[in-house]
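Only one structure is covered here, and it is reproduced in the block below.
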Amino acid sequence: MNNKTLHYNSVLSAIILYILTASASAMNIGYFENKVFDDEPEILFANNNFNPRTNDTQRLQNALNRASRERNGGVVRLRTSLNGNNKRFSLARIIIPSNIRLEVEPEVILEMRGVRESNNINKTFLFTIGRSNNINNLSPRAIENIEITSTHPHKRFTIDSKKNMPLIYGSQADGNGNSGNGNTFKTGVSRTRSIPIGVFYAKNFSISNLLIIDNHTESVGVQLYPDTDYKDGAYAIRHASHRALDIFLDKPPSDRTAKALPMNANNQFINSSGNVVPDARAIQRNPSWGRTPLKGTITNIRIKNAHSGYGAVQIYGGDWIKINNIQAINGIGVRLESGNGTPNDNINRAGPRLSSINNIDISDVKVINGFTGVWIKPHSKIMNNIRIHNINAIDSGTALLIAKATLCRQCRDLTRGRVNNITITGEITLRQTQYNHPIAEVGRLPTFFLTLADRQNIAANAGKSIRTIGEKDIPRNPSGSRWYLIEPVAPVLALSQLSATRIGNQSPTEGFFPVDYSQAIISNIGLTRTNTIMYREEMRKPNGTLATETIYE
């Protein structure tokens with residue numbers, strides 16, 4: 001099979017998956033189903049003598065490859081050492097093949113090798129499911145029928161992504177293309193990346209019964225992301241400085257036969273008859289961004305010392321995913337967000353459908369001293385059918401944050417997305433147990449809802465009056481300069497709406513969208529503020545003045 005055939009098969013597979021997921025609202029794909037049966041699992045014991053030279057990567061990889069070739073799939077089971085003195089495996093990246101169940105005894109610790117590896121991907125990942133080895137030659141088929149779990153139905157095994165992941169700070173632009181929101185900070189941001197489990201072009205998978213020991217590393221515990229060539233999400237020749245001036249093509253720029261899409265004198269796309277065609281229909285997209293996870297279950301995951309902007313589970317793209325019993329100490333419990341909406345954000349340049357997030361069921365999420373239990377931000381994507389049930393936040397910024405989509409004003413092909421059909425049910429609770437000092441590790445949005453007590457403390461620590469404090473005076477947390485320490489603000493930040501009675505302009509350029517909170521029991525316990533839901537109109541700068549530009553940005 002030549003490279004051209006492989007490329008064709010890869011694109012065809014992506015298109016088929018896209019068609020399947022695009023119509024998912026009309027289909028019941030369902031969640032994970034066990035399809036692996038093995039009466040004689042292969043057992044790997046931890047080395048009796050664990051030392052700095054121990055490396056269990058290859059023997060686990062070989063065992064998984066053998067099990068994958070069995071007729072009904074295979075099971076590999078990890079156990080403590082035969083003499084009972086060692087419970088650690090030392091592992092670099094493991095590539096999970098199809099038709100595998102990996103079972104780990106609850107006593108076992110999988111130690112990510114991290115800095116012991118020279119290859120960056122081996123440092124960053126532990127398990128990858130459905131990630132192509134060569135981005136220029138993507139795998140034609142999805143990895144199927146995968147389960148990673150404990151040998152006990154409820155007890156968690158452990159992944160240690162801290163021991164060999166020292167926290168290193170450096171400089172980095174924030175999500176809006178600014179350096180530290182326009183300020184210069186000495187510490188910068190966390191540059192240490194650790195992704196214990198990455199799910200990419202995969203179908204029918206389950207991740208369960210897992211404790212992750214993190215180190216405020218700049219990534220997420222369980223990540224669902226497209227298996228893509230990472231090239232521009234739109235077929236275009238990019239302008240050097242202004243994305244609105246990109247030249248859009250009918251084929252990838254690498255194809256010598258590619259031609260610019262026809263336009264009229266008003267710079268509008270037109271068809272062969274000269275009729276105007278909307279941008280979203282005219283622009284050709286990179287189909288590899290549609291190679292996303294489908295039909296999965298993620299349950300009983302706990303993460304400690306999570307990065308404020310990441311946390312336990314994040315979906316960058318995926319369909320029919322059930323997530324329940326998630327706990328995060330620091331950071332975010334579950335985050336639904338594709339890309340970051342900036343001019344160079346290829347995942348959003350793929351348009352509103354490819355790498356979207358649809359038919360997601362989230363329940364029983366807990367966050368302690370963190371940002372929020374569940375965060376949703378659509379950017380340029382149109383998401384559909386999101387169900388959220390029961391969130392318990394303790395000494396955190398908020399329990400639920402639904403943000404307005406980002407608009408890339410420098411990008412012709414990006415408008416704001418939205419979320420259709422969000423259901424919020426059950427108990428959504430924010431509880432405060434500690435007072436008079438900042439305890440919640442959060443991102444920037446909750447800082448627009450500081451309590452009076454928080455403002456007073458910030459002013460006192462900065463030696464200023466409340467009227468003169470600014471964002472740079474808010475204390476930072478271990479995740480770095482873009483992340484803050486504040487007191488809890490409210491159980492729900494409903495930032496896709498202006499107020500309880502006004503949604504706002506729902507056009508693709510303004511991007512407000514409604515969410516029905518009426519079926520949820522929302523409560524705050526122990527907070528100095530009585531609000532249970534706060535809306536975009538209430539956003540204020542640290543000095544108390546209305547944040548008008550941010551409200552309508």
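The values are calculated or read from the model by the stated rules, or taken from the named source; none is laboratory data. All values derive from a computational prediction rather than experimental measurement. Neighbour counts are summed over all protein chains in view; Cβ atoms, including those assigned to glycine, are modelled from backbone coordinates with ideal geometry. Ligands, DNA and RNA are excluded from the accessible area calculation, which covers all protein heavy atoms including side chains. Shrake-Rupley method; radii C 1.70, N 1.55, O 1.52, S 1.80 Å.
The table that follows gives values for the structure above.
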| item | result |
| --- | --- |
| DSSP beta bridges in segment 199-327 [antiparallel fraction, %, rounded to 5] | 20 |
| For segment 447-553, alpha-carbon Rg relative to the globular expectation (2.2 N^0.38 Å, N residues) | 1.17 |
| Neighbourhood charge, 9 Å Cβ-Cβ cut-off, centred on residue 317 and excluding it, Lys, Arg +1 and Asp, Glu -1 | +1 |
| Given charges at Cβ of Lys, Arg, Asp, Glu: the chain dipole, positive-most of 274, 260, 332 | 260 |
| Around residue 468: net Lys/Arg minus Asp/Glu count, Cβ-Cβ under 15 Å | +4 |
| Carbon/sulfur fraction of accessible area - the chain, other protein chains in place, 1.4 Å, % | 47 |
| Cβ crowding within 10 Å averaged over residues, with 66-76, 238-248 ranked highest first | 66-76, 238-248 |
| Net charge of neighbours whose Cβ lies under 11 Å from the Cβ of residue 257, counting Lys and Arg as +1 and Asp and Glu as -1 | +1 |
| Most positive-pole-ward Cα, 121, 167, 157, against dipole of segment 111-168 from beta carbon charges | 167 |
| Å² per residue, accessible surface of the chain at 1.4 Å | 41 |
| DSSP H segments from the chain that extend 18 Å or more along their own axis, Cα-based, with Kyte-Doolittle mean of -1.0 or above | 3-22 |
| Rounded if a/c under 1.5, otherwise prolate or oblate - segment 449-506, Cα gyration tensor axes | prolate |
| For peptides 467-479, 45-57, 329-341, sequence by mean Cβ density within 10 Å, most packed first | 329-341, 467-479, 45-57 |
| Whether segment 326-484 is rounded, prolate or oblate, judged on the alpha carbon gyration tensor where a/c under 1.5 counts as rounded | oblate |
| Prolate/oblate/rounded call for segment 431-474, Cα gyration tensor, a/c under 1.5 rounded | oblate |
| Contact order normalised by residue count of the chain, Cα under 8 Å, 6+ apart, percent | 10 |
| Hull volume in cubic angstrom per residue (convex hull over the Cα atoms of segment 205-257) | 150 |
| Per residue convex hull volume, Cα atoms of the chain, in Å³ | 167 |
| Amide hydrogen neighbours beyond the local backbone of residue 307, cut-off 5 Å, H modeled | 216, 217, 219 |
| Among 398, 448, 362 - extreme Cα towards positive end, dipole of segment 353-478, charges at beta-carbon | 448 |
| Phi to ³J(HN,Hα) by Karplus 6.51 cos²θ - 1.76 cosθ + 1.60 over segment 481-490, Hz, x for Gly, Pro | 5, 8, 10, 10, 10, 9, 8, x, 10, 5 |
